[in-house]
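Student: Please find one structure pasted underneath; my questions will follow.
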Amino acid sequence: MQPTTLAALPSPSAISGTVVVQTRNLTKQYGKRLAVNNLNLDVYQGDILGFLGPNGAGKTTTIRMLLGLIAPTSGTVQVLGHDVTPNGRTMLPRVGALVETPALYLYMNGADNLRAVGHALRGVDEARIQTVLGMVGLAARQKDRVRTYSLGMKQRLGVAMALLNDPAVLVLDEPANGLDPAGIVEMRELLRALAKEGKTIFISSHVLGEVQQLCTRVAILNLGQLVTEARPEELTQGTGQYIVFVENAPGALALIQGQPWGRAAQLDANGALLTASPDGRGRSLNKFLVDGGFIPDSIIYQSESLEQAFLRLTQGGAQ
Ligand SMILES: Nc1ncnc2c1ncn2[C@@H]1O[C@H](COP(=O)(O)OP(=O)(O)OP(=O)(O)O)[C@@H](O)[C@H]1O
Ligand SMILES: [Mg+2]
């Protein structure tokens, strides 16, 4: 097996698609602090963009500027081809958003919360309310007061609100917040289904395993600046190391360590062998071990997790 490099490949959506969200030199300064610093980002139709960064990196600030909730200090934002300006009304009907925790009427039930928001929007009928309640898995609890909802249920209701007007762009700030593992899987399936319909999804998250599975693109922000923008697979490229499960791993280790390419080999905490290969390929490592009398049960090419890549790219970034 040879490590593949995907760095040269643009996203499939970038080849054919339309830019739906675009920022140019987007900057937000609070006093001396640059919360967002010269951000240039293109999000294509149908993309699920994972917007990552340590606490204080500037994710929510960026999202507020995308939605026209706050004004940039400088730079521009376009959504669906329209310039976004604070209180500008042109884009909002086609954008659904959940920023941090949803604003809910706790004394009202779930369905009535949606009816209240639906009333303010146009064209939201009872059938749509029931559809979105079903989409977020809250149909059975719609008549309960929101006060009695769990954190995850409130979060789902917030996503339901964002979906009410059947938006073309969905902007979600940490939607996985408070969701249990089953809820995270349901949210992933929901967002995937929405992206398949052609919706564009911009999602900030700290749940990196989730982002790795869900997102077509990942943008990492650190100290207000874009560190990288790539497909998740690009960020989790191989480490050049293999994990080998073999009987008598210490014996195999000793053999490998006698080779120039194998001096750094070691056993992990579970006794599996971590090693490079004579020429980088799994088959050569396999042959070397078999020739030496060690027949591997399995050889796995080790790639970096998104979490490892994130920490590498943002080290020292938390404020
Ligand atoms: N209204 C404000 N006034 C002053 N500083 C602010 C304001 N809003 C945000 N900041 C600062 O801007 C920086 C970015 O904050 P932001 O909330 O965008 O981060 P974030 O990436 O969303 O972090 P988290 O992962 O914790 O949600 C932080 O240093 C924060 O203190
Ligand atoms: Mg935030």
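Student: For Tyr105, project a label point 7 Å along Cα to C-beta. Then give me every residue of the stretch 130-147 with its amide nitrogen under 13 Å of that point.
Tutor: Within reach of a label on Tyr105, which here means backbone N under 13 Å from a point 7 Å along Cα→Cβ, the stretch 130-147 contributes 145-147.
Student: Let me ask another. Tell me the label-point distance for the pair Arg94, Asp144, using the 7 Å Cα-to-Cβ offset, in nm and rounded to one decimal.
Tutor: Spacing of the two 7 Å Cα→Cβ label points: 3.8 nm.
Student: Determine the share of the stretch 182-224's accessible area contributed by carbon and sulfur atoms, expressed in whole percent, with a 1.4 angstrom probe.
Tutor: On the way: 870 of 1580 Å².
Roughly 55 percent, rounded to a whole number.
Student: Ordering Met135, Met65, Met153 by how much accessible area each has at a 1.4 Å probe, largest first, what is the list?
Tutor: Working: Met135 65, Met65 5, Met153 30 Å².
Result of the area sort, largest leading: Met135, Met153, Met65.
Student: Rounding to the nearest 20 debye, state how big the charge dipole of the chain is about its Cα centre with +1 on each Lys and Arg Cβ and -1 on each Asp and Glu Cβ. Provide the component values of the computation, followed by the final result.
Tutor: Details: 28 positive and 26 negative charges, 199 e Å.
Once rounded to the nearest 20, the dipole reads 960 debye.
Student: Continuing with this model, one more query. State, to one decimal in nm², a quarter of the convex hull surface area for the C-alpha atoms of the chain, i.e. the direction-averaged projected area.
Tutor: On the way: hull surface 79.4 nm².
Orientation-averaged projected area of the Cα hull: 19.8 nm².
Student: Same structure, new question: Looking at the stretch 45-141, which trypsin sites (Lys or Arg not before Pro) are in a loop (DSSP not H, G, I, E or B) and have at most 14 other Cβ atoms within 10 Å? Mind dumping the intermediate values first?
Tutor: Numbers: sites: Lys59, Arg64, Arg89, Arg94, Arg115, Arg122, Arg128, Arg141; in loops: Arg89, Arg122.
Answer in residue order: Arg89, Arg122.
Student: Continuing with the same structure: Normalised by the number of residues in the stretch 12-235, what is the relative contact order in percent for Cα pairs under 8 Å and 6+ residues apart? Before the final figure, lay out the partial values.
Tutor: Working: 454 pairs, mean separation 61.5, N = 224.
It comes to 27 percent, rounded to a whole number.
Student: Oh, and also: Of the residues Gln237, Gln45, Gln213, which exhibits the maximal mean-square fluctuation in a Gaussian network model of the chain defined by a 10 Å Cα contact cut-off?
Tutor: Looking only at Gln237, Gln45, Gln213, the largest GNM fluctuation is found for Gln213.
Student: Just report the Cα centroid separation between the stretch 116-141 and the stretch 252-306, whole Å.
Tutor: The distance from the Cα centre of the stretch 116-141 to that of the stretch 252-306 comes to 56 Å.
Student: Go ahead and run the numbers for FRET between Asp125 and Asn40, Cβ-Cβ distance against an R0 of 41 Å, rounding to 0.05.
Tutor: Working: r = 40 Å, r/R0 = 0.98.
Efficiency at R0 = 41 Å is approximately 0.55.
Student: At 1.4 Å probe radius, can you tell me the per residue accessible area of the stretch 27-146 in Å²? Working shown, then result.
Tutor: On the way: 6080 Å² over 120 residues.
On a per-residue basis, the stretch 27-146 sits at 51 Å².
Student: May I pose another question? Once the piece of chain linking Ser305 and Ile243 is laid out straight, how much longer is it, given 0.36 nm per residue of separation minus the C-alpha distance between them? If you can, show how the numbers build up before the last one.
Tutor: Details: separation 62, 0.36 × 62 = 22.32 nm, distance 1.46 nm.
So the extension gain works out to 20.9 nm.
Student: For every helix of n ≥ 4 consecutive DSSP H residues, a contribution of -39,500 (n - 2.57) applies; sum these over the chain, divide by its total residues, and give [θ] at 222 nm rounded to the nearest 500 deg cm²/dmol.
Tutor: Details: 11 runs with 102 residues, N = 319.
That comes out to -9000 deg cm²/dmol.
The values are calculated or read from the model by the stated rules, or taken from the named source; none is laboratory data. A quick note: this is a predicted structure, and the numbers were derived from the prediction, not measured. Every residue, glycine among them, receives a Cβ derived from its backbone with ideal geometry; neighbour counts consider all protein chains shown. Calculation scope for accessible area: heavy atoms of the full protein, side chains included, ligands and nucleic acids excluded. Shrake-Rupley method; radii C 1.70, N 1.55, O 1.52, S 1.80 Å.
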